[in-house]
Amino acid sequence: MSMIAAFYSGKSILITGATGFMGKVLMEKLFRTSPDLKVIYILVRPKAGQTTQQRVFQILNSKLFEKVKEVCPNVHEKIRAIYADLNQNDFAISKEDMQELLSCTNIVFHCAATVRFDDHLRHAVQLNVTATQQLLLMASQMPKLEAFIHISTAFSNCNLKHIDEVIYPCPVEPKKIIDSMEWLDDAIIDEITPKLIGDRPNTYTYTKALGEMVVQQESGNLNIAIIRPSIVGATWQEPFPGWVDNLNGPSGLIIAAGKGFLRAIRATPMAVADLIPVDTVVNLTLAVGWYTAVHRPKSTLIYHCTSGNLNPCNWGKMGFQVLATFEKIPFERAFRRPYADFTTNTITTQYWNAVSHRAPAIIYDFYLRLTGRKPRMTKVMNRLLRTVSMLEYFVNRSWEWSTYNTEMLMSELSPEDQRVFNFDVRQLNWLEYIENYVLGVKKYLLKEDMAGIPEAKQHLKRLRNIHYLFNTALFLIAWRLLIARSQMARNVWFFIVSFCYKFLSYFRASSTLKV
Ligand SMILES: CCCCCCCCCCCCCCCC(=O)SCCNC(=O)CCNC(=O)[C@H](O)C(C)(C)COP(=O)(O)OP(=O)(O)OC[C@H]1O[C@@H](n2cnc3c(N)ncnc32)[C@H](O)[C@@H]1OP(=O)(O)O
Ligand SMILES: NC(=O)C1=CN([C@@H]2O[C@H](COP(=O)(O)OP(=O)(O)OC[C@H]3O[C@@H](n4cnc5c(N)ncnc54)[C@H](OP(=O)(O)O)[C@@H]3O)[C@@H](O)[C@H]2O)C=CC1
């Protein structure tokens, strides 16, 4: 019997960010391995015209939860969606709901965050810092609370090269930042943002670092742990390989490359691609919840959930495997044939952006205009290049994260727990994982049918022929123009033609002699 699974039985668990990528996988695993848990409270806001109930209904009826329904048929009764907006005071939770949360919760998993790199500092602070502070305040009023697990990111200290499992202080105290966000206007915040974030690349990593400081300062008597995952990718094994449901991290770029929009990126092929499957992060999170509640470590432990030091893969290998998978499993209706050049040179990147990204978009928009349709490709391309420029920071550097606590925890687990809550990334086969990732992107993000693969392959063949035809035509036109203008080019041309003629004559003569 798994000790971790048994620990969560009968428990009331509060999850923030349960509608997000990681939150859904966390809920799924909890229900599947501990169907006897008492209740999962999730803080949800209405979104995109859906009420909180409709959102929960949609999640529970998704493919991700198919296995859960078999082991926990009354899952609908065990999930309690509580209306909440983490941007509001007291999260806008009703008094009755708040009372229930405070009196019943045993474990808190705080996953909610804004993960947008370019979020306005005010908004990023509100969600990643102030909301964390408020949640800790709530937690301090929960008499039955056994553990509070905060999800941070391995990149919260990406300004350092070697990162230990400790909290590194930011120069300005989080409390001061929270206060100043209340009275500074947007223009001033915009002005001071670069100074505040310093050598971090964006407001996301900065506010996640502030969030960790808040956890440290406000922990009081709470039993707290922090988990720092690196780049979270599709599921490795559970509930099935390749599941992914948003464009963050590599997923968006896999689509862009597979559809032929993205053909080059400024990336260092030898830099470590510190990807970690979402189910690995969830398994570690649940193991940490158990360990923190049962063993009650004296201080707040930080767990790095990374792959680089245990089972490294680099961007070059990853890109190669992604492209190789497109050969077997192409995406439908590609704009151009998938190809991705990783270059570290800024001038080469600009050349590729002009020739391979912007020019085809302009030509395609011109074609759309000619055929009476609305041009759109230039806009899509500009957005994509902006996204790529924001991710470039992470694909041109390598970090070293120490993983003593994570390895210590692994050794504390029983063999059964090591199997059921496996977070040993050394067992991951990258080639297989990446292939499943690409397949998952096709199935769950693009919602493409596998039956369409032969047609997709045909389409790529047509694109290849168009490519050859286009290049030949371009070459001939360029050559014709050169001949018309340069005596030297004409001489070369006559030399080649006469050489070919002589060679053919000689060949014909020698074959006649043989006969
Ligand atoms: C050969 C292949 C090799 C693969 C090689 C992979 C390398 C991959 C390195 C990753 C490295 C991350 C390392 C951080 C790890 C953490 O810890 S951070 C957690 C992850 N967070 C993220 O990834 C957030 C990144 N995204 C953002 O911040 C924002 O989307 C951006 C980039 C600022 C764009 O903002 P925006 O212009 O306002 O656009 P937004 O409204 O978000 O979306 C606009 C459009 O772009 C699309 N879009 C959004 N994000 C993306 C994306 N990532 N990609 C493409 N399209 C996107 C949207 O679907 C939308 O399309 P439409 O619906 O309009 O058709
Ligand atoms: N994805 C990654 O690569 C990595 C993620 N992380 C961390 O993991 C955690 C989970 O990330 P991930 O699941 O990928 O992120 P998602 O963007 O998929 O999910 C974010 C969650 O936060 C919720 N949320 C955001 N704003 C509010 C609000 N105002 N009120 C209530 N809920 C809100 C979202 O709700 P809604 O659905 O309503 O928007 C959603 O459930 C985060 O803490 C992130 O920093 C760390 C490293 C890498």
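The values are calculated or read from the model by the stated rules, or taken from the named source; none is laboratory data. Small disclaimer: the values here were computed from a predicted structure and weren't measured. FYI the Cβ positions are ideal-geometry reconstructions off the backbone, even for glycines, and counts take in every protein chain you see. For the accessible areas, the whole protein counts, side chains as well, though only heavy atoms, and no ligand, DNA or RNA atoms are used. Shrake-Rupley method; radii C 1.70, N 1.55, O 1.52, S 1.80 Å.
Determine whether the stretch 486-500 contains at least one residue that is of a type in the set (D, E, K, R) and open to solvent by 80 Å² or more (accessible area, probe 1.4 Å).
Checking the stretch 486-500: not a single residue is of a type in the set (D, E, K, R) and open to solvent by 80 Å² or more (accessible area, probe 1.4 Å).
So which of THR114, THR51, THR105, THR132 ends up being more than 9 Å from ligand 2 (Cβ to nearest atom), within 23 Å of the chain's Cα centre (by Cα) and either at negative phi or open to solvent by 40 Å² or more (accessible area, probe 1.4 Å) (or both)?
So the residue among THR114, THR51, THR105, THR132 that is more than 9 Å from ligand 2 (Cβ to nearest atom), within 23 Å of the chain's Cα centre (by Cα) and either at negative phi or open to solvent by 40 Å² or more (accessible area, probe 1.4 Å) (or both) is THR132.
Does ASN436 satisfy being at pLDDT 95 or above, under 17 Å from the mean Cα position of the chain (by Cα), away from ligand 2 (no atom under 16 Å from the Cβ) and open to solvent by 40 Å² or more (accessible area, probe 1.4 Å)?
Judged against the criteria, ASN436 is a match.
Taking only the stretch 78-99 into account, find how many residues are loosely packed, with under 13 Cβ neighbours inside 10 Å and at pLDDT 95 or above.
4
I'd like to verify a number: residues in the stretch 235-251 that are more than 11 Å from ligand 2 (Cβ to nearest atom) and surrounded by 18 or more Cβ atoms within 10 Å (Cβ to Cβ), how many?
6
Of (1) assigned to a loop (DSSP other than H, G, I, E, B); (2) hydrophobic (A, V, I, L, M, F, W, C); (3) more than 13 Å from ligand 1 (Cβ to nearest atom), ILE149 satisfies all except one. Which?
Here ILE149 meets the rest and fails (1).
Check the stretch 32-45 and report whether any residue there is in contact with a Pro (Cβ under 8 Å, 6 or more places away or on another chain) and more than 16 Å from ligand 2 (Cβ to nearest atom).
For the stretch 32-45, residues in contact with a Pro (Cβ under 8 Å, 6 or more places away or on another chain) and more than 16 Å from ligand 2 (Cβ to nearest atom): present.
Could you check GLN88 against (1) within 9 Å of ligand 2 (Cβ to nearest atom); (2) closer than 25 Å to ASN248 by Cα; (3) without any contact (Cβ under 8 Å) to a residue 24 or more places away in the chain and say which number it fails?
(2)
What pairs can you find where one residue is in the stretch 201-214 and not assigned by TED's automatic domain parsing to the domain that holds ASN128 and open to solvent by 10 Å² or more (accessible area, probe 1.4 Å), the other is acidic (Asp, Glu) and within 9 Å of ligand 2 (Cβ to nearest atom), and their Cβ atoms are less than 7 Å apart, with a gap of 6+ or different chains?
Between residues of the stretch 201-214 that are not assigned by TED's automatic domain parsing to the domain that holds ASN128 and open to solvent by 10 Å² or more (accessible area, probe 1.4 Å) and residues that are acidic (Asp, Glu) and within 9 Å of ligand 2 (Cβ to nearest atom), there is no close pair.
With the condition being within 30 Å of PRO229 (Cα to Cα), at pLDDT 95 or above and within 16 Å of ligand 2 (Cβ to nearest atom), I'd like the helices (runs of 4 or more DSSP H) fully within the stretch 318-426 carrying at least 3 qualifying residues.
377-395
Give the stretch 304-314 a look and list any residue that's buried (at least 24 other Cβ atoms within 10 Å of the Cβ) and either within 30 Å of ARG337 (Cα to Cα) or in contact with an Asp or Glu (Cβ under 7 Å, 6 or more places away or on another chain) (or both), or say none.
HIS304, THR306, SER307
Where the second residue is among the polar types (S, T, N, Q) and assigned to a loop (DSSP other than H, G, I, E, B) and the first is free of Cβ contacts under 8 Å to residues at least 60 places away in the same chain and exposed (fewer than 14 other Cβ atoms within 10 Å of the Cβ) and lies in the stretch 164-178, which pairs have Cβ atoms under 9 Å and are six or more apart or on separate chains?
Here the result reads TYR168/ASN159, each pair linking the stretch 164-178 to a residue that is among the polar types (S, T, N, Q) and assigned to a loop (DSSP other than H, G, I, E, B).
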